Every structure is written in C-alpha cells, then in structure tokens.
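These notes are about the structure you will find just below.
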Amino acid sequence: MADNRVVEGRMVTPKALAERIEGDSVMDAEGIEDADFDCPDCGESVLSVGYMPGVASFHTGYKCQECPWSDIEA
Ligand SMILES: [Zn+2]
C-alpha cells in the first residue's frame, strides 16, 4: 500500500482522498492515479481515484494536487 500521494501539501491514502472528494465516508478505494488532464482552476496536476461510496455504486473522483478543485464521475 505504497500509493499514498501528496494533496495540498498533505500525504493521503486512497481512501482518505476518496472521502475528501465524496465529502462522506466511503467503503473502499482503489489506488491513486494521475489523471490525463490538468486542473481547470490552477493548471496543476490532477489525481484520480476509483472508489465505492456504497455496496452498489462506483465513482471516479478527481482532485487537484495544489488547490481545492475536485470533481466526481458517478
Ligand atoms: Zn487546482
């Protein structure tokens, strides 16, 4: 589980990143990956993480590494 990443200056686990994007607790999260686009607000790198907010759903969350921008693809 060495895929913790730095987001806004803090080291986060995939689950912590997913919960921050979702704004609620999540059941499970996959590894953090680099998204193939830059932040629309500040132009910095965006991370993506796939996660399950509940048993029957899967979201892909996006979070800028440098600013508060985030998005959810349900
Ligand atoms: Zn940004």
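The values are calculated or read from the model by the stated rules, or taken from the named source; none is laboratory data. All of these numbers come straight from a predicted model, not from anything done at the bench. FYI the Cβ positions are ideal-geometry reconstructions off the backbone, even for glycines, and counts take in every protein chain you see.
What residue, among those in region 21-33 that are in contact (Cβ under 8 Å) with a residue 24 or more places away in the chain and in a strand (DSSP E or B), is nearest to the chain's Cα centre (by Cα)? Step through it out loud before you land on a result.
Kept after step one, since they are in contact (Cβ under 8 Å) with a residue 24 or more places away in the chain, are these residues of region 21-33: 21-22, 24, 26-28, 31-32.
Okay, now just the ones that are also in a strand (DSSP E or B), so 28, 31-32.
Numbers: Asp28: 12, Gly31: 9, Ile32: 7 Å.
Within region 21-33, the match that is nearest to the chain's Cα centre (by Cα) is Ile32.
Working carefully through the options Glu73, Glu22, find the one that is crowded, with 16+ Cβ neighbours inside 10 Å, more than 16 Å from the ligand (Cβ to nearest atom) and modelled with pLDDT of 95 or more.
Details: Glu73 fails: crowded, with 16+ Cβ neighbours inside 10 Å.
Among Glu73, Glu22, only Glu22 is crowded, with 16+ Cβ neighbours inside 10 Å, more than 16 Å from the ligand (Cβ to nearest atom) and modelled with pLDDT of 95 or more.
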